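Everything on this sheet refers to the single structure shown next.
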Amino acid sequence: MTILIVDSTTGDRETYREFLPGYSLLFSEEGAEAIRQLRHQRDAADRIALVILLWQLRDAPAVLSFLREEIPDMPFVAIDATRSSATLTAALLHGAVAMWKPLEEETLLEAVRQATGEAALTPLLEKLQQRLVGQARVWKIALQNLARVIPVGNDPVLITGESGVGKELAAGAVHELGPRSKSPFVAVNVAAVQPTLLESALFGHKRGAFTGATEAHVGVFQECGDGTLFLDEIGELPDNLQTKLLRVIFERNFRVIGGEKDLPFEGRLVFATNKDLNREVEEKRFRLDLYHRISTPEIRLPALRERRNDWLLVMQHFLNKYAPGSGLKLAAETRAMLSDYPFPGNARQLENLVKHAISHQPVREIRPHHLPPQILIDLGTVANDQPPKWPEEWMSLPYKEAEARVMQSFDAVYLRRALARHASHQGQAAKEVGLDPKTFSKKLQQAGITLRREQDTDE
């Protein structure tokens, strides 16, 4: 959402930016400039949706007159620097949401939400946070942006972010929490469909439309009806189909392969990609006009490493989902090992971690040896600056056997370091890592680690 801030106090600009991070901000120091911007932006795709006006501005009356006569439905927030009740009353009589300076974050956000109707988004945000777990500021901003577009049932939405961040979950939320929730939700991974079959998968075909078309096929544009069509990995769409998709968006109709007339498209389009579409446009692999049509708005979901403190919340979410009531939790040493792990696979990698750990049940704690081999390999890379060199023949073994070999190799490093921290005192090392002394001793033997006799027993 774009907000025009008409305020001659230039020193407050950084404060506005800090308090309104999820919005696109335009600034004007005088009324005449503000009116020019309002006229210019009126028909733009990113048109101004809210005006914040300093009531003491010399030509504030001109801005009010323009809004009343030219854009009477434009919401605006009046900011009073004098804290005058008379000013407050006058602003309210003009239909404004009024507030006083100095600026306060919660007050300003509440005024913006009230003026734009976003106060009604609070229940929607709560539902989103139950599906897309996280408390980091960048994550909350992404969910706020998502909440704004959900009620707008016709506009396309582009969801971007790395693999595993939750783009498909977000697309599902757009449908299930939006006005089309009672209609079909149809998802297609563009990259997973053979290029020769993709056009038919999207648009459908008539019987006999091409060699091998022995039966008619209904494409997803028709299948979704007035529901939601989710096209994942849209950055992989071939150039010829980009042109056809652009036509669907513009004209809201499509033609079945071999068909003689256009059919109406009545659904909502949601797109997702892990590619940088700006770069794809620059390198002529994606149409600029199509990018502009699908990226207003664009919702970027940040990677897990950008919201470091959220990984424990996400993990607990998956533990509740896959092992409800089990009391299964992370062991302290596992938590310490993962605290600086970047989770390159994002939330999906955490989900797989939990599933892998549960496969070891019955366990009450997820210990390091319950982690997936790839994470152990990555952790070895971080610890040693050189990746462990697993023998190539291990890669041809059955999974369980290969996993056992990797774990034994991991134990050799992990246990040695635990011993080193306690001057080779086995009992103290076992206590620190949360293993029974007998189990610790057994693992030492399996890893081929021998200690001098006087160091083998507890004091």
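For residues that are more than 14 Å from Val270 (Cβ to Cβ) and of a type in the set (Gly, Ala, Ser), scanning just the stretch 158-182, find the one that is least open to solvent (accessible area, probe 1.4 Å). Spell out the reasoning first.
Quick first cut of the stretch 158-182, residues more than 14 Å from Val270 (Cβ to Cβ) only: 162-165, 182.
Pick out the ones that are also of a type in the set (Gly, Ala, Ser) and you get 163-164.
Numbers: Ser163: 53, Gly164: 7 Å².
By that ranking, first place goes to Gly164.
Would you be able to say whether some residue in the stretch 140-157 is in contact with a strand residue (DSSP E or B) (Cβ under 9 Å, 6 or more places away or on another chain), small (Gly, Ala, Ser), buried (at least 19 other Cβ atoms within 10 Å of the Cβ) and under 26 Å from Ala272 (Cβ atoms)?
Yes: one or more hits.
The rows are residues; the columns are (1) open to solvent by 50 Å² or more (accessible area, probe 1.4 Å); (2) charged (D, E, K, R).
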site	(1), (2)
Leu54	no, no
Arg68	yes, yes
Asp73	yes, yes
Ala91	no, no
Gly95	yes, no
Leu103	no, no
Thr107	yes, no
Arg113	yes, yes
Leu132	no, no
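Looking at the stretch 329-360 only, could you name the residues that are open to solvent by less than 10 Å² (accessible area, probe 1.4 Å), over 18 Å from Gly134 (Cβ atoms) and not hydroxyl-bearing (Ser, Thr, Tyr)? Step through it out loud before you land on a result.
Residues of the stretch 329-360 that are open to solvent by less than 10 Å² (accessible area, probe 1.4 Å), as a first pass: 331, 334, 338, 341, 343, 346, 350, 353-354, 357.
Narrowing the set further to residues that are over 18 Å from Gly134 (Cβ atoms) leaves 331, 334, 357.
Scanning the stretch 329-360 gives Ala331, Ala357.
Report every pair of residues separated by at least 6 positions or lying on different chains whose Cβ atoms are under 6 Å apart, first residue within the stretch 306-320 and surrounded by 14 or more Cβ atoms within 10 Å (Cβ to Cβ), second modelled with pLDDT of 90 or more and not in a helix (DSSP H, G or I).
Filtered contacts from the stretch 306-320: Arg307/Gly134; Asp310/Gly134; Leu313/Val133; Val314/Val133; His317/Val133.
Having 2 or more residues that are touching a strand residue (DSSP E or B) at 6+ places or on another chain (Cβ under 9 Å), open to solvent by 10 Å² or more (accessible area, probe 1.4 Å) and within 15 Å of Pro156 (Cβ to Cβ) is the bar; report the helices (runs of 4 or more DSSP H) wholly within the stretch 183-295 that clear it. Walk me through it before giving the result.
Values: elements: 195-203, 220-223, 239-251, 277-282, 288-294.
Answer list for the stretch 183-295: 239-251.
Tell me which helices (runs of 4 or more DSSP H) are completely within the stretch 37-156 and hold 1 or more residues being touching a residue at least 60 places away in the same chain (Cβ under 8 Å) and of a type in the set (Val, Ile, Thr), or say none if there are none.
On the way: elements: 60-70, 85-93, 105-116, 122-131, 137-149.
Ranges flagged: 105-116, 137-149.
If Pro324 satisfies all but one of (1) open to solvent by 80 Å² or more (accessible area, probe 1.4 Å); (2) under 17 Å from His360 (Cβ atoms); (3) not charged (D, E, K, R), what's the number of the condition it fails?
Every listed condition holds for Pro324 apart from (2).
Filter the stretch 67-79 down to the residues that are touching a helix residue (DSSP H, G or I) at 6+ places or on another chain (Cβ under 6 Å) and at pLDDT below 90 and list them by number.
Here is the first cut: in the stretch 67-79, the residues touching a helix residue (DSSP H, G or I) at 6+ places or on another chain (Cβ under 6 Å) are 74-75, 77-78.
Selection gives Met74, Pro75.
Can you report the number of residues in the stretch 8-36 which are open to solvent by less than 10 Å² (accessible area, probe 1.4 Å) and assigned to a loop (DSSP other than H, G, I, E, B)?
So the answer is 1.
The values are calculated or read from the model by the stated rules, or taken from the named source; none is laboratory data. If you're wondering where the values come from, they're calculated on a predicted model, not measured in any experiment. Please note: Cβ atoms are built from the backbone with ideal geometry, for glycine as well, and neighbour counts cover all protein chains shown. What goes into the accessible areas is simple: the full protein's heavy atoms, side chains included, and nothing from ligands, DNA or RNA. Shrake-Rupley method; radii C 1.70, N 1.55, O 1.52, S 1.80 Å.
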